[in-house]
Amino acid sequence: MELGIILIILALFIAAYIDLNKREIPDWITYPLIVIGFLSSLFPATFINIIFAAVFFIIGYIAYNKKILGGGDVKLITGIILMLPAQYASIDFIITFLFLSCICALGYYVVAILLKKEKLNISATIPLAPCIMIGFIATLVGLI
């Protein structure tokens, strides 16, 4: 397994744990992913990551302003996209990863409602980092 994937998974486990407990993703997790990912994406094989990350960041920023996504979630996904090794840097991988993350978040929300830990509410917030982690790992395992 490549170093970039190992770093992403390590960051996701830490972010998921903290997000479950504090409902936030610290900058000390997301900024290194973004910086290291950006610098490594300057090489021709992974330059497309910068384009994918920029597109996601713009969409994510709009979703953040509409209170659909948290800022930490946007930075975490942006960092993941930038850190992807060349063989995973495709629109198919990214869309599958985001789709599975959303499905996981929906499942989490439904279970939280059923267990009465959340109320059915348009402004409900859930810790998304665990869902991002599950979506990423599921996509990775499906493509290996």
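Name the long-range amide H neighbours of residue 24: under 5 Å, sequence gap of 5 or more, or other chain; modelled H, no Pro or chain starts. The list, which skips near neighbours in sequence, is 19. Using C-alpha pairs under 8 Å with a sequence gap of at least 6, the mean separation divided by the residue count of region 3-143 gives a relative contact order of 34 percent. Rounded to whole Å, the principal axis extents of the Cα atoms in the chain read 49, 31, 25, largest first.
Taking label positions 7 Å along the Cα-Cβ direction at both residue 68 and residue 17, the computed distance is 3.2 nm, reported to one decimal. Taken over region 44-92, the ratio of Cα radius of gyration to 2.2 N^0.38 Å equals 1.16. Screening the chain for whole DSSP H helices with an alpha carbon extent of at least 27 angstrom along the helix axis and a mean Kyte-Doolittle hydropathy of at least -0.5 yields 3-22, 91-114.
Taken together, the values in this text are just the output of simple stated rules run on the coordinates, not laboratory data. Everything numeric in this text was worked out from a predicted model, so none of it was measured. As a convention, Cβ positions derive from the backbone with ideal geometry for all residues, glycine included, and neighbour counts pool all protein chains shown.
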